[in-house]
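The values are calculated or read from the model by the stated rules, or taken from the named source; none is laboratory data. Predicted, not measured: the structure shown is a model, and the values here were computed from it. Cβ: placed from backbone, ideal geometry, glycine included. Neighbour counts: every protein chain shown. Just the protein is used for accessible areas: all its heavy atoms, side chains included, with ligands, DNA and RNA removed. Shrake-Rupley method; radii C 1.70, N 1.55, O 1.52, S 1.80 Å.
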Amino acid sequence: MITTKEEVLGKVPEVTLLFWIIKVAATTLGETGGDAVSMSMNLGYLIATGIFAAVFIAAVAAQIYAKRFHPFLYWLTIVATTTVGTTLADFADRSLGIGYAGGTTLLFALLMGSLFVWYRTLGSVSVSTVVSPKAEMFYWVTIMFSQTLGTALGDWTADTAGLGYGGGVFLFTALLALVAAAYYWTKISRTVLFWTAFILTRPLGAVVGDFLDKPVAAGGLALSRYLASTALLVFMVACILIFPQRPAQRGH
């Protein structure tokens, strides 16, 4: 039985405008940071994926072991999902030859499967129910799949679909605006809208990240991946320090 306020609070942040701003920055950092390790350091997608997977597992374990919400730990875990998602998607799409369309389809199926099993097991996939180790495991596995899907979807949109980085940014920004409009002006499930927005912020970050560090001839700005990653990291840290976040409350 819940008897104190602390027991009602989860270990994930309250979903506010600040949450989405930091989320987009984290997904962009995942793209530039993942590419920095796999490409700029010439380690390749497989080794980079192994490195980031180890960080991801350690971060998730620390997140589950923690007794309360820690903003820096939470966002470290999010960044870990975005970096491993970047290199894993690139490995599947390019090294395994699945292609962007094939990778997107496979990862979408895995994401939907994760949400389905989570719902059937615990009865809800709402963020407000992430207050137990089992729910946290489902939460982080689902996020990892969504981040990997977003990388493949962003690359498919910018490259295969021919929209380029600018077109990709416009497309995913417009889709997120529609989700925001649905939140304020419709009665569509808030849980459905949350996961839709969460998924869409990843390809947005992917195309923004590629726009920052890809060669000018390919439509990018050719910025240093290290410089871009550092700037994004500093921005995230500043947001966390200046604007304190509250943990989500059960039932909210």
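Taking every alpha-carbon pair under 8 Å whose residues sit at least 6 apart, the chain reaches a relative contact order of 32 percent. Enter the Cα centre distance for the pair the range 21-88 and the range 197-222, rounded to the nearest angstrom. Between the Cα centres of the range 21-88 and the range 197-222 lies a distance of 17 Å. Among the lysines, which fall within straight-line cross-link reach of Lys67, defined as a Cα-Cα distance under 30 Å, with same-chain neighbours fewer than 8 residues apart omitted? Those lysines meeting the cut-off are Lys5, Lys11, Lys23, Lys134.
How much net charge surrounds Asp213 when only other residues with a Cβ under 11 Å from its Cβ are counted (Lys, Arg +1; Asp, Glu -1)? If you can, show how the numbers build up before the last one.
Working: positive: Lys214, Arg225; negative: Glu31, Asp35, Asp210.
Residues near Asp213 contribute -1 overall.
For the chain, modelled as a GNM whose springs connect Cα atoms under 10 angstrom apart, the maximal fluctuation among Leu200, Leu149, Leu175 occurs at Leu175. Diagonalising the gyration tensor over the Cα atoms of the range 1-141 and scaling each eigenvalue by 5 before taking the square root yields semi-axes of 29, 18, 13 Å, largest first.
Gain in length, Val192 to Leu227, computed as 0.36 nm per residue apart minus the alpha-carbon separation, to one decimal in nm? The partial results should precede the final answer.
On the way: separation 35, 0.36 × 35 = 12.60 nm, distance 3.56 nm.
Length gained, Val192 through Leu227: 9.0 nm.
Against the chain, whose longest principal axis is taken from its Cα atoms, helix 17-35 shows a tilt of about 40°. The residue among Thr173, Leu223, Ser114 whose Cα reaches farthest toward the positive pole of the charge dipole of the chain, with charges on the beta-carbon of Lys, Arg, Asp and Glu, is Ser114. Projected over every direction and averaged, the convex hull enclosing the alpha-carbon atoms of the range 175-252 yields 7.0 nm².
Using alpha-carbon pairs under 8 Å, 6+ residues apart, how would you state the relative contact order of the range 109-252 in percent? Provide the component values of the computation, followed by the final result.
Values: 123 pairs, mean separation 35.3, N = 144.
Once divided by the residue count of the range 109-252, the mean separation gives 25 percent.
Pairs of C-alpha atoms in the chain farther apart than 24 Å represent 44 percent of all such pairs.
Heavy-atom accessible area with a 1.4 Å probe sorts Arg202, Arg120, largest first, into Arg120, Arg202. For the range 46-100, the Kirkwood estimate of the hydrodynamic radius, built from every pair of different alpha carbons, is 11.9 Å.
Computing the accessible area with a 1.4 Å probe over protein heavy atoms, can you report the carbon and sulfur percentage for the range 96-173?
Numbers: 2480 of 3380 Å².
The nonpolar share, carbon plus sulfur, comes to 73 percent.
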